[in-house]
Structure formats: C-alpha cells, structure tokens
Amino acid sequence: MRNLNEMKITELMISSEKVAHVNMNNPLEHAMLVLIKSGYSAIPVVDTTFKLKGLISMSLILDSILGIERIEVERLENKVVEDVMNEEVPYIHENESLSKGMRLSIDYPFLCVVNDEGIFTGILTRRAILKHMNRYLHEMNRESVRPT
Ligand code: AMP
C-alpha cells in the first residue's frame, strides 16, 4: 500500500457524478430539497458549464430567510442559490498530492476537486483520507511485527 505522498487526489475522490450538487441558477427551494433528501449539511454549487462556484448549506438558507420573530418561508420563492451560496469554497486541484489534500482537510470535512479549467470533478472527504490512513497504518504495523 502506498503512502499519501505518492498518491493523486483522483484515487480517493468521489467523482462528481456521485456527488449531490446544485446549479447556481436553481431556486433556493430546490437546494433545500436536495440537502434534505441527501442528508448532507453542505453541497457544491456549479454553473451551467459545471465550473465550481460555491457551497450551499441548510444553515445559509435558513439564515437568509430568518425574520425577527420567525423563519419567513415565503421568502424562499424569490431567491436562487447564487443569492445565498458561500463563494469561499475550499478546493484543491486534481493533480495535487493527497498529502496536500490531507493538510487542507484538517479544517474542512470535504474539499471540492477541480481540473485546469476550474471544472468541478469531485470531492475529497476527510473520511476517505482517514479510511486510507487507517488501512495504511494497520499494514505498516503488521509488517513491523512480521517474523523475518
Ligand atoms: P462524509 O465523509 O460522508 O462524512 O461526508 C462529509 C461531507 O462531505 C458531507 O457532510 C457532505 O457535505 C459532503 N459529501 C460527502 N459525500 C457527498 C455526496 N455524495 N454528495 C454531496 N456531498 C457529499
């Protein structure tokens, strides 16, 4: 088994076809449905050419319709994802090493992965990195106690 320095992001990432995401032009209500149905707390936002544009989460949506005394659900109708998304999205280029991905993952549960054109190609989750590290360390331990 190889260590993270020798591996590429693409080897551990979840490819974009399997990632729940929304378009920046989608109605906010649609993003809410995707978040509820997928069960994820935050998902990537792309444009019509599939370029990565931001992240949207349930707390951003709820915060945007929070009135003084209640959540003003009727305000959902007038908004699209772009109005509310966070444009500061933690991302990494797909050609970077996994050790850089691991370093960045300390602060984020997942990183979006992009190619040279800024096209969204997948996500790298902290879970996938930890799973790999766990297997790697177990294997190293087994090798170190193996009789010579
Ligand atoms: P996990 O590693 O499964 O705990 O996921 C960590 C975070 O990554 C989740 O809370 C989501 O924000 C995001 N995530 C993981 N898998 C997906 C997916 N298939 N689609 C969209 N977001 C995902």
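The values are calculated or read from the model by the stated rules, or taken from the named source; none is laboratory data. Small disclaimer: the values here were computed from a predicted structure and weren't measured. Cβ coordinates were reconstructed from backbone atoms using ideal geometry, including for glycine residues, and neighbour counts include every protein chain displayed.
Highlighted here are the strands (runs of 3 or more DSSP E) found entirely within region 7-95 that include at least 3 residues which are surrounded by 12 or more Cβ atoms within 10 Å (Cβ to Cβ), within 12 Å of the ligand (Cβ to nearest atom) and of a type outside the set (Ser, Thr, Tyr): 42-46. Can you name every residue in region 37-83 that is touching a Lys or Arg at 6+ places or on another chain (Cβ under 7 Å) and under 24 Å from residue 93 (Cβ atoms)? Selection gives 45, 46, 47. Candidates are the residues of region 108-137 that are away from the ligand (no atom under 13 Å from the Cβ) and assigned to a loop (DSSP other than H, G, I, E, B); the one that is farthest from residue 54 (Cα to Cα) is 116. Only one entry in 100, 53, 18 is at pLDDT 95 or above and within 16 Å of residue 114 (Cβ to Cβ), namely 53. Return a yes/no flag: does region 67-85 have any residue that is within 15 Å of the chain's Cα centre (by Cα) and not aliphatic (A, V, I, L, M). Looking for residues that are within 15 Å of the chain's Cα centre (by Cα) and not aliphatic (A, V, I, L, M), one finds none in region 67-85, hence no. All of 76, 55 fail the test of being closer than 30 Å to residue 100 by Cβ and touching a residue at least 24 places away in the same chain (Cβ under 8 Å), apart from 55. If the condition is being of a type in the set (Val, Ile, Thr) and touching a Ser or Thr at 6+ places or on another chain (Cβ under 9 Å), then region 72-91 contributes only 84. Just one of (1) of a type outside the set (A, V, I, L, M, F, W, C); (2) out of contact with any Phe, Trp or Tyr (no Cβ under 7 Å at 6 or more places or on another chain); (3) closer than 18 Å to residue 120 by Cα fails for residue 29. It is (3).
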